[in-house]
Amino acid sequence: MSKLNKALMATTAIAFAAGLAMPAAAKKKDPSKAPKVVSSGKKMKLKLYGQIARTASITDDGSGTGFQNAENGNTSTRMGVKAAGKINNDLKLKLRYEWNMRSGHENNQLDNISSDNDFDIRWADIQFHHKRFGTLFFGRGDGPGNSASQTDLSGTSTGQKGGGEHWDFQNARFLETSGSANGGGRATTRVARVFGNMDATSRQNRIRYDTPSIYGFQFRAGVIDQSGYEFALWYKGKVAGMKIKGAVNYSHNKSGVFPGEVSAGTTGTDTEISLVNGSLSVHTPWGIGVSGAAGTNDRDQVIGGTAVANDGKDPFFWWAAVWYRAKFFELGETRFKYGFQTSVDNQNEGDIGQAHGFTIVQQIKSTGTDMYAGYRHVSVDRDAAGGTAGAEIDFEDQDIWVLGFRARF
């Protein structure tokens, strides 16, 4: 065999051996070198997070029963990005951008229409965190008193958040009874307009300052869009072995920035609201706990900078719950809660809405998932007459059974 042929055969053998070895080498490649969905820079660390929250429900409105697979009424499907970096040893810069992506978030099972989808921004925020001087928030996000009506240590917020028992009904309407002023079947009043928890400004464009926590207490203050302002005092700590969380809040602003007023249909460009609300939750070492909330607001129409006398209503609400949480399975904690709620004058003068409900939440800790089941009952007594006969307006009670999941990442 010539030297040339020997050289060609040797080269071919080496190439063939290298080809066989390459797949094995590829399999051993470090996974961390693979392309990433989220990439952090040298100065700022980036984190992607989110959740999908879905509910199946059956509603009986007194005249019929309907089924719907929809968005969770207590917490929404969402996604967000957080970034954090050090300015110096005492000061950190944090960024947060978060948005809702909801599909079928209205309770329309008896309307013969499909539910809509929507997209809205929850957070677009720049934050400066100082070790000694507290935190400054600049942008869109929680107001100082957001969720001050909803402090609840029961761990059941996936299935029923604090401050009320009406959330799962969402866009559902009360139907008038056959003996009502206008006859049966008229759907004139939404559940969400009768009930509310008088909470603060939710996620708005604001500048907010939080003091450092001192013995568990933290003071928060902010200026909100539409020339509003808000002050809240929060507490989180332990007393005699019991975990305690609570808040009190005062807000003043145009009605359109308060989610409860938007739901109640009481908003207007010249309507101003002064709101006082708060809540408290106690968790004992034995797993038993109680939670409660209350609030009121003063609605006034303002014309030319002057409040119109006797123009606004002064609605109020209260809510109380008893609950128990314990770990029976390796999956995670199991949580039980019963709550009762009363809302007065929220939509019309003389309205008294009452709701109660029971919730079970099972935590699946390994995947950050909650599954839950619940039952709610709502009713409204309207002190008003109408119709040609001058009869009172009466509404059917409503019941809802829910089953849902929230999966987080």
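The values are calculated or read from the model by the stated rules, or taken from the named source; none is laboratory data. These numbers were taken from a predicted model, which means no experiment stands behind them. Counting neighbours? That spans all protein chains shown, and the Cβs are built from the backbone with ideal geometry, glycine included.
Per-structure values
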item: Index of the failed condition, residue 24 passing every other in (1) modelled with pLDDT of 55 or more; (2) out of contact with any Lys or Arg (no Cβ under 7 Å at 6 or more places or on another chain); (3) outside any loop (DSSP other than H, G, I, E, B); (4) loosely packed, with under 15 Cβ neighbours inside 10 Å; result: (1)
item: Residue check for residue 68: surrounded by 17 or more Cβ atoms within 10 Å (Cβ to Cβ), of a type outside the set (A, V, I, L, M) and modelled with pLDDT of 90 or more; result: no
item: Answer residue from region 322-377, given it is in a loop (DSSP other than H, G, I, E, B) and small (Gly, Ala, Ser) and is farthest from the chain's Cα centre (by Cα) among those; result: 350
item: Counted residues, region 230-251 - those being surrounded by 16 or more Cβ atoms within 10 Å (Cβ to Cβ) and more than 22 Å from the chain's Cα centre (by Cα); result: 0
item: Every residue from region 364-379 that is among the polar types (S, T, N, Q) and either out of contact with any strand residue (DSSP E or B) (no Cβ under 7 Å at 6 or more places or on another chain) or farther than 21 Å from residue 165 by Cβ (or both); result: 366, 367, 369
item: Some residue of region 197-219 being modelled with pLDDT under 95, at positive phi and surrounded by 19 or more Cβ atoms within 10 Å (Cβ to Cβ); result: yes
item: Every residue from region 92-111 that is more than 11 Å from residue 80 (Cβ to Cβ) and at pLDDT 95 or above; result: 92, 93, 94
